[in-house]
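The values are calculated or read from the model by the stated rules, or taken from the named source; none is laboratory data. Since the structure is predicted, the reported quantities are computational estimates derived from the model, not experimental observations. Please note: Cβ atoms are built from the backbone with ideal geometry, for glycine as well, and neighbour counts cover all protein chains shown. The protein model used for the area step is the full one, side chains on, heavy atoms only, and it has no ligands, DNA or RNA in it. Shrake-Rupley method; radii C 1.70, N 1.55, O 1.52, S 1.80 Å.
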Amino acid sequence: MFKKIVLSAILASTLFASEKLFVVERESSSLAIIENDKFKNRIENFRNMNHGVVKFYKNDGYAISRDGYVIKFDPIGEKILAEYKTSKSAIGFEISDYFVAVANYDDKSVDILTKDLKPIKKIVTDSRNVGIKLYKNYMIFSQMDSDRISVYKDLNEGKKEPNFVLEKEFKDVGEIPFDAMIQDETYIMGFFNSPHFGVVDLNKMEYKKIDVFLDEKKQQVLKVPHFGFWSLSKNETFIPAVGDNKVFVYDKNFKFLKTIETKGMPVFTSLSPNKDFIAVTFSGEDFPYLQIFDTKTYKKVKEYKFDGKVLHVRWSNEKNELYVSVNDTNKVEVLDTKTWENIKIINDIKKPSGIFIFEER
């Protein structure tokens, strides 16, 4: 009986492991660590983190810096384990069981590294590379300077370190591809200078263009914001308008549904884990504001004004909380997502931007 109780306790602690926040401190090349809504620690020497991105794969942490470094760190032991410089400027990366794939701007290549950041292969494209994604045994990315989408296949089928070969390229897809997302088997590419999205069906290996309209009158989108600022639910897509005080709502096939009027020009949208609410942040003079909208009624639930620029928000996966990074005043504020009250301030976070959640597995 005692063994069963102990085993149950261990299993419960594994299933409900506490989440830990890693916050990019963009001016000081570091990650601040928050646990139980308190500042816990800081990991330093993360290179140029002005646009630093953090990802977790099982119990490993990885970061990519603006100046082309990929950094592996231990999110449990809270220390850097390895680093590798792929280029002068890297823009995105993906992680799998046996490798890390990095899209480079400045040396115009894609790097394939081991999980410990040892080089496996460099694919030279002679183009800035963006929108890198993984799907089954495929690696997909887009080439900004040659207007093409490249699909590489792993001949080792994900069973060991990969051997990528070119499977297919789609040419003349649109003018200056710059950002991508993947939804199920669909790779969706946005363009700087083309009023459509490019869509690759990765099962059929077929490409098509999708025109996206702003309203029922079929006014066409002129510029697509970064997909990282979008929010996707099961049936709806929320897109911040470029240069307008609106968030557009489409169905999953990009048919226009609704316009949400916002405080200012939206930059970032973030859906709550239950998809009931969406948080919207802004640029310009409205940087300090945050608005919350109900996704069923599209009505505003709450508006906040902070004492500094809001650069990022993150919904907790295990608590009724929303974390807000307030860059100018060096803090993360915590909002209760039931009452919408400010319930806590976590101070001494240096110039915070991106907030990333790690859950031990």
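Test residue 333 against the criterion of being out of contact with any Ser or Thr (no Cβ under 7 Å at 6 or more places or on another chain), open to solvent by 20 Å² or more (accessible area, probe 1.4 Å) and either among the charged types (D, E, K, R) or in a loop (DSSP other than H, G, I, E, B) (or both), and give yes or no. In short, no.
None of 118, 79, 85 is open to solvent by 30 Å² or more (accessible area, probe 1.4 Å), farther than 23 Å from residue 135 by Cβ and free of Cβ contacts under 8 Å to residues at least 24 places away in the same chain except 85. When segment 147-165 is filtered for residues that are polar (S, T, N, Q) and buried (at least 20 other Cβ atoms within 10 Å of the Cβ), only 150 remains. Every listed requirement among (1) open to solvent by 30 Å² or more (accessible area, probe 1.4 Å); (2) in a loop (DSSP other than H, G, I, E, B); (3) at pLDDT below 95 is met by residue 264 save one, (1).
Per-residue answers, yes or no, for (1) basic (Lys, Arg); (2) open to solvent by less than 60 Å² (accessible area, probe 1.4 Å); (3) part of a strand (DSSP E or B); (4) in contact (Cβ under 8 Å) with a residue 12 or more places away in the chain:
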| position | (1), (2), (3), (4) |
| --- | --- |
| 48 | no, yes, no, yes |
| 56 | no, yes, yes, yes |
| 66 | yes, no, no, yes |
| 101 | no, yes, yes, yes |
| 127 | no, yes, no, yes |
| 132 | no, yes, yes, yes |
| 145 | no, no, no, yes |
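Among the residues of segment 8-17, are any over 30 Å from residue 334 (Cα atoms), of a type in the set (Gly, Ala, Ser) and at pLDDT 95 or above? No. Among the residues of segment 275-299, the one identified as open to solvent by 30 Å² or more (accessible area, probe 1.4 Å), in contact (Cβ under 8 Å) with a residue 24 or more places away in the chain, within 18 Å of residue 324 (Cα to Cα) and among the hydroxyl-bearing types (Ser, Thr, Tyr) is 289.
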